[in-house]
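Everything below concerns the one structure shown next.
The values are calculated or read from the model by the stated rules, or taken from the named source; none is laboratory data. No experiment lies behind these values; they were computed from the predicted model shown. Note that we place each Cβ from the backbone using ideal geometry, even for glycine, and neighbour counts take in every protein chain shown. Protein only, heavy atoms only, side chains kept; ligands, DNA and RNA dropped before computing areas. Shrake-Rupley method; radii C 1.70, N 1.55, O 1.52, S 1.80 Å.
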Amino acid sequence: MTARHILRIQDLTAKEMSSLLDLAEAMKRGDDTRAHLAGRCIGLLFNVPSTRTRVSFQVAASQLGAVSYPYGVEELRLANRESIEDTIGVLNRYLDALVVRWYDMNEYGAGHRRLRAMADRATIPVINALDDEEHPCQVLADLMTLRELYGSQQVPDRRIVYAWSYSPRQKTPGVLHSSMMAAALLGHRVTVAHPPGFAPEERVTSAVQAVAARTGARVDLTHDLEEAVRGCAAVYTLSWKSPTLAGQEEIQARTRLADRWRITEPLMRLAGDEAVFLDCMPTNRGEEVDAEVKDGPRSKIFQQAENRLHTQKALLTQLFDGTLSGGPR
């Protein structure tokens, strides 16, 4: 049977996402504690550091009865120019699945191409744990969190704002791109607020709008952060690299935006009394978000982080129990 890879959120259908989230919720409640992956070996290959993704996948594998093996690129012969073909050819023979995080913000797109090359040569499932274009695993946890907050039937009626926020670091737009596409696939309402020069990649936006036209979703983009948050259900802080600005030009643009593009308590008050704050982390207090918001009663960031464990347990289970069998679509 051809391995099923999860490299983009659209590698899952809306029906598959719903089934996966149902299982994740059952696992979180303790209704399903079976060792679905007993005897399996899961590899984790990361070329950049990770806290939530690495630990949640390791714990997920352990709770499912599997063993996980984390590798940094510098620990493998990839560091000495061994080819992807040879590396994957070997890992195919040892492991049952491979979870990969790979990106370099100095070469946008190269990380996703590297994951695609791995998947093309893999006879085992390859799961994208964040590259420079997509982060499907984070978005599954976010969707679970929204279902817990509002109920699965009410989520499409709640508008979520994804707000670009200042950070001195160049970050991947992976969470944003996957979130936009998930909203389009599921018929949700989202607003992406960003300053000029920091729009999502045009190719992604066009693909999202094409899907949204079919499903009835609404994905809006705006430069007006305050207007975007008025009356929304949730404000999700994100920072991402500009697809059009480079080098010192982007650094200078970020610096000019630092004071105006940050999630503050006055901004949250515009959203309304019931609006929540979401954040996939890592973020620094006083940069992307003020401490009173991140640490305040609206914040659901640790609920999001916990749900990484449950959605990844469900994803791994369904990759091996036949629910997600077959080739990628």
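Val293 falls short on exactly one of the conditions (1) open to solvent by 20 Å² or more (accessible area, probe 1.4 Å); (2) without any contact (Cβ under 8 Å) to a residue 60 or more places away in the chain; (3) of a type outside the set (Asp, Glu); (4) part of a helix (DSSP H, G or I), and that condition is (1).
Within the range 2-34, the set of residues being of a type in the set (Asp, Glu) and in contact with a Lys or Arg (Cβ under 8 Å, 6 or more places away or on another chain) comprises Asp11, Glu25.
State which residue is farthest from Val276 (Cα to Cα) when the search covers only the range 161-190 and only residues that are open to solvent by less than 10 Å² (accessible area, probe 1.4 Å) and part of a strand (DSSP E or B). It comes out as Trp164. Among the conditions (1) open to solvent by less than 20 Å² (accessible area, probe 1.4 Å); (2) modelled with pLDDT under 95, Leu78 misses just one, which is (1).
Of all residues in the range 98-121 being small (Gly, Ala, Ser) and farther than 22 Å from Ser56 by Cβ, which is least open to solvent (accessible area, probe 1.4 Å)?
Among those residues, the one meeting the criterion is Gly109.
Going through the range 234-256 one residue at a time, which ones are in a helix (DSSP H, G or I), open to solvent by 20 Å² or more (accessible area, probe 1.4 Å) and either under 23 Å from Gln303 (Cβ atoms) or hydrophobic (A, V, I, L, M, F, W, C) (or both)? Working first, answer last.
Step one: filter the range 234-256 for residues in a helix (DSSP H, G or I), giving 247-256.
Okay, now just the ones that are also open to solvent by 20 Å² or more (accessible area, probe 1.4 Å), so 247-249, 251-252, 255-256.
The answer is Ile251, and nothing else.
Consider Ser206 carefully, then state whether it is at pLDDT 95 or above, under 19 Å from Glu288 (Cα atoms) and open to solvent by less than 70 Å² (accessible area, probe 1.4 Å). Against the criterion (at pLDDT 95 or above, under 19 Å from Glu288 (Cα atoms) and open to solvent by less than 70 Å² (accessible area, probe 1.4 Å)), Ser206 does not qualify.
Under the condition of being over 15 Å from the mean Cα position of the chain (by Cα) and either among the small types (Gly, Ala, Ser) or more than 17 Å from Val229 (Cα to Cα) (or both), the residues counted in the range 164-183 number 5. The condition of being without any contact (Cβ under 8 Å) to a residue 12 or more places away in the chain and either assigned to a helix (DSSP H, G or I) or of a type in the set (Lys, Arg) (or both) does not hold for Arg4. Taken over the range 273-290, the criterion of being in a loop (DSSP other than H, G, I, E, B) and either in contact with a helix residue (DSSP H, G or I) (Cβ under 9 Å, 6 or more places away or on another chain) or at negative phi (or both) is satisfied by Asp273, Glu274, Ala275, Cys280, Met281, Pro282, Thr283, Asn284, Glu287, Glu288, Asp290.
Whether a residue is touching a residue at least 12 places away in the same chain (Cβ under 8 Å) and surrounded by fewer than 16 Cβ atoms within 10 Å (Cβ to Cβ) was assessed, and Asp279 does not pass this test.
Scoring Gly231 on the criteria (1) closer than 26 Å to Gly187 by Cβ; (2) in a loop (DSSP other than H, G, I, E, B); (3) open to solvent by less than 60 Å² (accessible area, probe 1.4 Å) leaves a single failure, condition (3). Residues considered: Ala61, Ala66, Ala3. Of these, the only one that is surrounded by 15 or more Cβ atoms within 10 Å (Cβ to Cβ), touching a Ser or Thr at 6+ places or on another chain (Cβ under 7 Å), modelled with pLDDT of 95 or more and not charged (D, E, K, R) is Ala61.
To keep it simple, each residue is scored yes or no on (1) within 27 Å of Leu270 (Cβ to Cβ); (2) touching a strand residue (DSSP E or B) at 6+ places or on another chain (Cβ under 6 Å); (3) among the hydroxyl-bearing types (Ser, Thr, Tyr).
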residue: Gly197; (1), (2), (3): yes, no, no
residue: Gln209; (1), (2), (3): yes, no, no
residue: Thr222; (1), (2), (3): yes, yes, yes
residue: Glu226; (1), (2), (3): yes, no, no
residue: Ala234; (1), (2), (3): yes, yes, no
residue: Thr237; (1), (2), (3): yes, yes, yes
